[in-house]
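Here is the structure we will look at.
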Amino acid sequence: METDTLNTLVTDAIWRAEELDTQGIPSASLAWAEVSSIEEDLAKAHPVSGAQGRIARRGAVRAALKAGDYTRAYGLADSYLAEESAPESLKTELREILEGDAQAMASRFQYASKHHSMREAQGLADRLRATGAFGLAA
């Protein structure tokens, strides 16, 4: 798919996700997952050395976090951090994005954050979303 088409799609997807978030509609997480997927496609289409490539990589990670898909967010971040030609500024920004989300989660769930690492909590959230409440008991 051409990058112009992907840019149009991601712009529309971001608008949709933000509107659903603003309205408090639960399917906003699905819209953010779509944004993350399109941003990942853009990241594949643009080299990390270019501004568009760096923007797409940050966007894919941020949108995955907004979707509540922590496994995806950390997986994308790990792959982007491993890119040899990734500038140190991008690596720092990706770490800050993940850390900022972890801090926000810790302040929102203060009791849990005292007893569990954020990675653990995020893993449980992913498992809950994938298998439902009874899947956590297994």
Quiz prompt | Nearest 10 degrees, 0 to 90: helix 51-66 Cα axis against the chain principal axis | solution = 20 degrees
Exercise. Would you tell me the accessible area of ILE55, worked out with a 1.4 angstrom probe on the heavy atoms of the protein chains, in Å² to the nearest 10?
Key: 90 Å²
Quiz item: In percent, how large is the relative contact order of the chain, given Cα pairs closer than 8 Å and 6 or more residues apart?
Solution: 17 percent
Quiz item: Once a ≥ b ≥ c are taken as the square roots of the eigenvalues of the Cα gyration tensor of region 1-79, is the result rounded (a/c under 1.5), prolate (a/b larger than b/c) or oblate (a/b not larger than b/c)?
Solution: oblate
Quiz item: Where nothing but the Cβ of Lys and Arg (+1) and of Asp and Glu (-1) is charged, how large is the charge dipole of the chain around its Cα centre, in debye to the nearest 20?
Solution: 540 debye
Quiz prompt | Relative counts (whole %) of C-alpha pair distances in the chain, using bins that are 10 Å wide | solution = 12, 37, 36, 13, 2
Exercise. May I ask you to give the percent of accessible area on the chain that is carbon plus sulfur, with a probe radius of 1.4 Å?
Key: 55 percent
Quiz item: With every protein chain left in place, what is the accessible area per residue of region 1-75 in square angstrom, probe 1.4 Å?
Solution: 52 Å²
Quiz prompt | Contour minus Cα-Cα distance for ASP4 and PHE134 (0.36 nm per residue) | solution = 42.5 nm
Quiz item: Calculated from DSSP H runs of 4 or more alone, at -39500 (n - 2.57) each and per residue, what is the 222 nm mean residue ellipticity of the chain, nearest 500?
Solution: -26500 deg cm²/dmol
Quiz item: Over what distance in Å are the Cα centres of region 79-138 and region 10-76 separated?
Solution: 16 Å
Quiz prompt | Proximal lysines relative to LYS66, as straight alpha-carbon distance under 20 Å, when same-chain residues fewer than 8 apart are discounted | solution = LYS91
Exercise. Determine, for each peptide in 72-81, 107-116, 4-13, the mean count of other beta carbons within 10 angstrom over its residues, then list the peptides with the highest first.
Key: 72-81, 4-13, 107-116
Practice problem: Could you work out the longest stretch of the chain that avoids the GluC sites (Glu not before Pro) located in DSSP loops with at most 13 other Cβ atoms within 10 Å? | Solution: 3-83
Quiz item: Rounded to the nearest 0.05, what FRET efficiency is calculated for ILE25 and SER85 with R0 set to 35 Å and r the Cβ-Cβ distance?
Solution: 0.35
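The values are calculated or read from the model by the stated rules, or taken from the named source; none is laboratory data. Owing to the predicted nature of the structure, the values given are computational and were not obtained by experimental measurement. Positions of Cβ are backbone-derived with ideal geometry, glycine not excepted, and every protein chain shown enters the neighbour counts. The area values use the complete protein model at the heavy-atom level, side chains included, leaving out ligands, DNA and RNA. Shrake-Rupley method; radii C 1.70, N 1.55, O 1.52, S 1.80 Å.
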